[in-house]
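Note sheet for the following structure.
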Amino acid sequence: MQKFDQLFDRAAPLIAAGDHQRDALPRDGGRWPVSVALRPPMDDLLSRHLDDLTAEAADLAGPDHWHTGRLGSAHLTVRALEGHRAVIEPHDPAIQRYQSALDRAGAGPTRFRVAGLTLTPGTVMACAFPLDSNADDLMDRFAVELGPDDWFERPHGRRDIWYLNLLHFTTAITQPGKLIDWVAAHRETEFGAVTIRAPELVRFRYCAGPRPHMRPEAMRAL
């Protein structure tokens with residue numbers, strides 16, 4: 001939990017002061033990149049629990065923040081591959097290479113325990129812990145199979161935590177103190193375990209409405 005504790009300690013004062021990060025609609029080359037992600041099944045009990053937690057966090061944060069942990073949106077990122085692209089053709093050569101690398105990396109089911117919430121400067125986050133070596137092995141094999149296509153994350157080094165973001169902040173937080181206290185009260189709460197069948201190559205699209213969010217959409221190279 002040490003890394004998650006450090007994230008909370010860094011983010012809480014920024015959120016209290018209104019100095020938190022704020023997402024904006026994506027633009028080409030920016031955030032919300034083409035990625036490989038693990039998505040909990042929508043009919044899983046944990047997915048419904050994450051959806052409820054996301055709604056609770058949003059009630060405290062106020063309107064217009066993105067409900068990333070809602071059903072159909074919650075995900076664990078294995079690796080980001082390139083900046084956001086609004087238009088991707090079905091036969092795009094980069095997408096074909098990414099999918100080929102993922103196929104070569106192979107992956108059986110991955111299992112996670114989700115326990116505890118934390119804060120980052122831009123999100124409310126649920127902490128995830130692998131229950132076997134499959135998720136970390138996938139991450140490492142995929143990095144090797146990508147070869148030079150590993151460039152996007154290479155400068156940042158290997159990811160060292162797994163997580164599911166519940167809420168991305170986009171504007172002022174209505175009740176920052178109550179949000180911080182609510183997350184603090186759930187720092188060690190057990191939320192359950194989940195088995196995810198396979199990783200997916202995904203892109204993100206903005207979905208408006210009463211629970212706005214960036215929805216991951218599975219891609220498959222043709």
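The values are calculated or read from the model by the stated rules, or taken from the named source; none is laboratory data. Just so you know, these numbers come straight off a predicted model, no measurement behind them. Cβ: placed from backbone, ideal geometry, glycine included. Neighbour counts: every protein chain shown. All accessible areas refer to the heavy atoms of the entire protein, side chains included, with ligands and DNA or RNA removed. Shrake-Rupley method; radii C 1.70, N 1.55, O 1.52, S 1.80 Å.
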Rounded to whole Å², per residue accessible area for the range 9-51 with a 1.4 Å probe reads 56 Å²
Among A58, G18, I88, the residue whose Cα sits farthest towards the positive end of the charge dipole of the chain, when +1 is placed on the Cβ of each Lys and Arg and -1 on the Cβ of each Asp and Glu, is I88
With 5 Å bins from 0: P(r) over the range 22-72, alpha-carbon pairs, percent
4, 18, 20, 19, 21, 14, 3, 0
For D28, D51, give me the order by solvent-accessible area with a 1.4 Å probe, most accessible first, ignoring ligands, DNA and RNA.
D28, D51
Amide H partners (placed H, <5 Å) of M219, local residues excluded
L201, V202, R203
Report, to the nearest whole %, how much of the accessible area of the range 96-211 belongs to carbon and sulfur atoms, 1.4 Å probe, protein only.
53 percent
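If you average 1/r over every pair of different alpha-carbon atoms in the chain and take one over that average, what Kirkwood value in Å do you get? Kindly include the intermediate steps, with their values, before the conclusion.
Working: mean 1/r = 0.0562 Å⁻¹.
With all distinct Cα pairs of the chain included, I get 17.8 Å.
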Radius of gyration, Dmax [the range 83-152; alpha carbons; angstrom]
15.5, 41
With an 8 Å cut-off on Cα pairs and a minimum separation of 6 or more residues, tell me the relative contact order of the chain in percent.
34 percent
Could you put T54, T170 in order of accessible surface area, largest first, with the 1.4 Å probe and the full protein assembly present?
T170, T54
Which net charge results when you count Lys and Arg as +1 and Asp and Glu as -1 among the other residues whose beta-carbon is under 13 Å from that of D28?
+3
In whole angstrom, the spacing between the Cα centers of the range 123-137 and the range 196-221 equals 19 Å
Quick check on the range 1-124: take the gyration tensor over C-alpha atoms, sort the square-rooted eigenvalues as a ≥ b ≥ c, and tell me if it's rounded (a/c under 1.5), prolate or oblate.
prolate
Helix-derived mean residue ellipticity, 222 nm - over the chain, DSSP H n ≥ 4, -39500 (n - 2.57), to 500:
-10000 deg cm²/dmol
Enter the accessible area of M42 (Å², nearest 10), with the probe set to 1.4 Å and all protein chains included.
110 Å²
The chain - charge dipole about Cα centre, Lys and Arg +1 at Cβ, Asp and Glu -1, debye rounded to 20:
300 debye
